[in-house]
Amino acid sequence: MNRLSRALTIIAVVEAAYTVVALTPPSLVEPLYGFRLNADGHWTLKLLGVSLAVQAAIAWLLRHQPHRGIAAALAAYQFGSATIDWMMWLTLRDDGIFATTQARVAIIAAIPSHYLLGLLLTAAIVAAGRPVTSDLRAL
């Protein structure tokens, strides 16, 4: 298994774990994770859960024949997600975002882990040197 395949496997596992968190029943979100959401927040969280599940499935299905372009898109998501997390924290800190200890611990762990996953994918793409699978029909 090459570096890109290993990176996609890690992404699949991590995003599957985030999917479980996002699809947690609304009544358990605050007690388990510390996030205080209104009805719209729960709806948005469930939509995010579906997109994370798709992302995990794509990474898992392509791990044996990785495509650099898809890996680059997944890396861009990781970098974007981490950036949005800290930007929202700074922007909404006076409005009570990440107000509980659980939420702060989660976000403090999420920001560097997303950047690390993005770097892992980027390093694997560069190490691959050329597309591992250049024929899109093979996907």
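The values are calculated or read from the model by the stated rules, or taken from the named source; none is laboratory data. Because the structure is a prediction, the values reported are computed rather than measured. Positions of Cβ are generated from backbone atoms using ideal geometry, with glycine treated the same way; all protein chains shown enter the neighbour counts.
Below, the figures for the structure above:
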| quantity | calculated |
| --- | --- |
| Exclusive hit being part of a loop (DSSP other than H, G, I, E, B) and more than 17 Å from the chain's Cα centre (by Cα), set 37, 32, 28 | 37 |
| Pair list, Cβ < 8 Å and 6+ apart or interchain, from region 53-79 residues that are over 16 Å from residue 118 (Cα atoms) and touching a residue at least 40 places away in the same chain (Cβ under 8 Å) to residues that are β-branched (Val, Ile, Thr) and not in a helix (DSSP H, G or I) | 65/132; 65/133 |
| Selection count where residues are surrounded by fewer than 18 Cβ atoms within 10 Å (Cβ to Cβ) and touching a Leu at 6+ places or on another chain (Cβ under 9 Å), scope region 25-42 | 3 |
| Members of region 76-123 found to be farther than 16 Å from residue 18 by Cβ, small (Gly, Ala, Ser) and under 16 Å from the mean Cα position of the chain (by Cα), listed by number | 76 |
| Selection from region 63-100 of residues that are assigned to a helix (DSSP H, G or I) and among the small types (Gly, Ala, Ser) | 69, 71, 72, 73, 75, 76, 80, 81, 82 |
| Pairs with Cβ under 7 Å, 6+ apart, first in region 32-46 and on the phi > 0 side of the Ramachandran plot, second in a loop (DSSP other than H, G, I, E, B) | 34/100 |
| Any hit, region 104-122, residues being buried (at least 16 other Cβ atoms within 10 Å of the Cβ), touching a Leu at 6+ places or on another chain (Cβ under 8 Å), modelled with pLDDT of 90 or more and β-branched (Val, Ile, Thr) | no |
